[in-house]
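**Q** The following block contains the structure, expressed as structure tokens.
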Amino acid sequence: MLEKYDLHSHSTASDGALPPAELVRRAHQQGVTALALTDHDTTAGLAEAARMAAELGLRFIPGIEISATYANQCLHIVGLNIDPLNQTLLAGISRQQTIRDQRAIKIAEKLEKKGMAGVYQAVSQAAGTGEITRSHFADFLLAQGHVETQQEAFDRYLSKGKPAFVSTQWAALDEAVAWIKAAGGVAVLAHPLRYNLSAKWMGRALAAFKQAGGQGVEVVTGRISVDEIRLSQQFSLKHQLHGSVGSDFHSPENQWVELGRLAPLPANVAPVWELFAGGKNPLVH
């Protein structure tokens, strides 16, 4: 049987709608045979997800999505097949979580200056024990009737140049890659076309990423066109990076993105899962 990979997904440990175990169950129902949970700057959901995957007989790849800064641009670096107990990685993401908390406070203050009350309390409650992300603020704006869609929340308030945007210095690109490599993982640049950067700029970023030890780039993502796959494929081939596939699933409410609903990886792109080392999963005893 052919493996069906989905190597980019989110749970309630960050900005996803489903608890880790439910996410794994849904992936299994969708025919996914190999799933990576890649929450933002946290490994908190991995143990629960791994236990459910073991029950269902689904191959589980422990992962993370780390926010990194390169040339004043935020890039997302997915770490795949990591050891989530690695102390270098845990120290790095602890620093990221502090930065994330500070950013959340500043975003809330900016929105409160716009006359909105109780913003930080609301997003903290919504995030629970998970990381506060901009998606939580978008959900707040939507729930309060300030916008009609989550995308409008970003377009009007949360994106760069908008009233509640907070410029954030995340880990340097080479630091983020080093943390992933220290944990025995494979570093993959997530959704290269979503940053709305020129091909020349992205080429420089990918060269720096590879020099730092990055090994892959997402070629196939959720809701991507044939032409976009072709562009991402060119990035992979030009920079000799392995190709990854990941839906970036967050919520069942988004009808456009589903776990495992992905185009095939182009045949001339080396799959990133060829790089995964075997061994015992430290999350499953």
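**Q** Return the distance in nm (one decimal) between the two label points of a simple spin-label model at Leu197 and Ser251, each offset 7 Å from Cα along Cα→Cβ.
**A** It is 2.8 nm.
**Q** A further question on this structure: Hand me the trypsin sites (Lys or Arg not before Pro) from the range 72-119 located in a DSSP loop with no more than 15 other Cβ atoms within 10 Å, in residue order please.
**A** On the way: sites: Arg95, Arg100, Arg103, Lys106, Lys110, Lys113, Lys114; in loops: Lys113, Lys114.
Listed in order of number, the matching sites are Lys113, Lys114.
**Q** Could I ask something else about it? Would you mind estimating how fast the range 60-181 diffuses translationally, via Stokes-Einstein at 4 °C and 1.567 mPa s with the Kirkwood radius over Cα pairs, in µm²/s?
**A** Approximately 84 µm²/s, per Stokes-Einstein.
**Q** Further, regarding this structure: Need one number: % antiparallel among DSSP beta bridges in the range 37-128, to the nearest 5.
**A** Bridges in the range 37-128 that DSSP calls antiparallel: roughly 80 percent.
**Q** Another question about this same structure. From zero outward in steps of 10 Å, how is the percent of C-alpha pairs of the range 129-285 spread across the bins?
**A** Calculated P(r), rounded to whole percents: 9, 30, 36, 21, 4.
**Q** Oh, and also: Run down the lysines and flag those whose C-alpha is under 23 Å from the C-alpha of Lys181, throwing out any fewer than 8 positions away in its chain.
**A** Filter leaves Lys210, Lys238, Lys280.
**Q** Taking a probe of 1.4 Å, how large is the accessible area per residue of the range 43-112, in Å²?
**A** Ligands and nucleic acids excluded, the figure is 40 Å² per residue.
**Q** Right, here's the next one. Give me the extension gain from Lys114 to Arg230: residue separation times 0.36 nm, minus the current Cα-Cα distance, reported in nm with one decimal.
**A** Contour length minus the Cα-Cα distance gives 37.5 nm.
**Q** Taking the Cα centroid of the range 99-161 and of the range 4-65, what is the distance between the two, rounded to the nearest whole Å?
**A** Measuring centre to centre over Cα atoms gives 25 Å.
**Q** Which FRET efficiency, nearest 0.05, do Leu275 and Ala47 yield, Cβ-Cβ r, R0 22 Å?
**A** Working: r = 23 Å, r/R0 = 1.07.
It comes to 0.40.
**Q** Related question: Using the Cα atoms as the points, what is the convex hull volume per residue of the chain in Å³? Don't jump to the answer; show the numbers that get you there.
**A** Values: hull volume 35.1 nm³, N = 285.
Value for the chain: 123 Å³ per residue.
**Q** Determine, from the Cβ-Cβ distance of Ala143 and Ala71 and an R0 of 30 Å, the FRET efficiency 1/(1 + (r/R0)^6), rounded to the nearest 0.05.
**A** 0.25
**Q** Next question, about the same structure. Treating the angle as unsigned and between 0 and 90°, give the value, to the nearest 10°, between the Cα long axis of helix 134-143 and the longest Cα principal axis of the chain.
**A** Around 50 degrees separate the two axes.
**Q** Ignoring ligands, DNA and RNA, what percent of the accessible area of the chain is carbon or sulfur (1.4 Å)? Show your work: numbers first, answer last.
**A** Numbers: 6480 of 13140 Å².
So the carbon and sulfur contribution to the accessible surface is 49 percent.
**Q** Let me ask another. Loop by DSSP (not H, G, I, E, B), at most 14 other beta-carbon atoms within 10 Å: where is the longest site-free stretch of the chain for GluC sites (Glu not before Pro)? If you can, show how the numbers build up before the last one.
**A** On the way: sites that count: Glu3, Glu148, Glu253.
Result for the longest clean stretch: 4-147.
**Q** Still on this structure, please answer the following. May I ask you to list the lysines whose Cα is less than 16 Å away from that of Lys113, ignoring any residue fewer than eight positions away on the same chain?
**A** Straight-distance partners of Lys113: Lys162.
The values are calculated or read from the model by the stated rules, or taken from the named source; none is laboratory data. All values reported here derive from a predicted model rather than from experimental measurement. In this analysis, Cβ positions are derived from the backbone assuming ideal geometry, glycine residues included, and neighbour counts consider all displayed protein chains. Areas reflect the complete protein model, heavy atoms only, side chains present, ligands, DNA and RNA absent. Shrake-Rupley method; radii C 1.70, N 1.55, O 1.52, S 1.80 Å.
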